[in-house]
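The values are calculated or read from the model by the stated rules, or taken from the named source; none is laboratory data. Keep in mind it's a predicted model, so treat the numbers as computed, not measured. Heads up, the Cβs are rebuilt from the backbone with ideal geometry, glycines too, and the neighbour counts pull from every protein chain shown. Each accessible area value is taken on the protein alone, full model and side chains, heavy atoms only, with ligands, DNA and RNA left out. Shrake-Rupley method; radii C 1.70, N 1.55, O 1.52, S 1.80 Å.
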Amino acid sequence: MIDGPRLPPANGAPPRKLVVFLHGYGADGNDLIDLGRMFAPILPDAAFVSPNAPHPCDESPMGRQWFPLALGDMHLYWRGVAGAAPALDEFLDAELARVGLTDRDLALVGFSQGTMMALHVGLRRKGG
């Protein structure tokens with residue numbers, strides 16, 4: 001199961017929304033979680049989480065990747081996104097259950113490879 005840093009709602013109450021930041025190739029969850037601090041004033045009832053992608057990055061020993069990059073081959077991107085989707089879905093299910101929310105309360109924010117994951121998984125979620 002993937003995991004990563006979290007921020008509770010700024011208002012100190014139980015979360016009413018969950019915002020998940022999905023990092024890009026070679027980064028990790030720590031690279032995006034501070035966006036939650038920036039968003040907190042306008043989303044005080046939101047919890048934030050930024051999971052680390054499931055695989056060590058092929059080109060950055062400290063970073064992570066959702067799937068290997070195969071520059072120029074869109075078929076391999078598709079296979080990569082589809083292959084990483086179950087781990088992200090499992091994480092989202094667990095995180096929503098942990099905070100007692102549903103897909104209607106979920107927002108996915110992605111950067112680069114994380115955007116590919118957000119679009120692929122987010123548009124296929126049961127409540128999306």
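Being exposed (fewer than 13 other Cβ atoms within 10 Å of the Cβ), at pLDDT below 95 and part of a helix (DSSP H, G or I), is that true of even one residue in the stretch 65-74?
yes
Residue-wise test of (1) assigned to a helix (DSSP H, G or I); (2) in contact (Cβ under 8 Å) with a residue 24 or more places away in the chain; (3) out of contact with any helix residue (DSSP H, G or I) (no Cβ under 9 Å at 6 or more places or on another chain).
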residue	(1), (2), (3)
PRO61	no, no, yes
ASP89	yes, yes, no
ALA94	yes, yes, yes
LEU108	no, yes, no
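Condition first: touching a residue at least 40 places away in the same chain (Cβ under 8 Å) and assigned to a loop (DSSP other than H, G, I, E, B). Now tell me which residues in the stretch 37-48 satisfy that.
Scanning the stretch 37-48 gives no hits.
Looking only at the stretch 1-36, which residues are in contact (Cβ under 8 Å) with a residue 60 or more places away in the chain, surrounded by fewer than 17 Cβ atoms within 10 Å (Cβ to Cβ) and outside any loop (DSSP other than H, G, I, E, B)?
LEU35
Looking at (1) open to solvent by less than 10 Å² (accessible area, probe 1.4 Å); (2) assigned to a loop (DSSP other than H, G, I, E, B); (3) within 14 Å of MET116 (Cβ to Cβ); (4) out of contact with any Lys or Arg (no Cβ under 7 Å at 6 or more places or on another chain), which one does PRO51 not meet, given that it meets all the others?
Status for PRO51: all satisfied but (3).
Please find, among GLU95, GLU90, GLU59, the residue that is surrounded by 18 or more Cβ atoms within 10 Å (Cβ to Cβ) and acidic (Asp, Glu).
After ruling out the rest, the residue left standing is GLU95.
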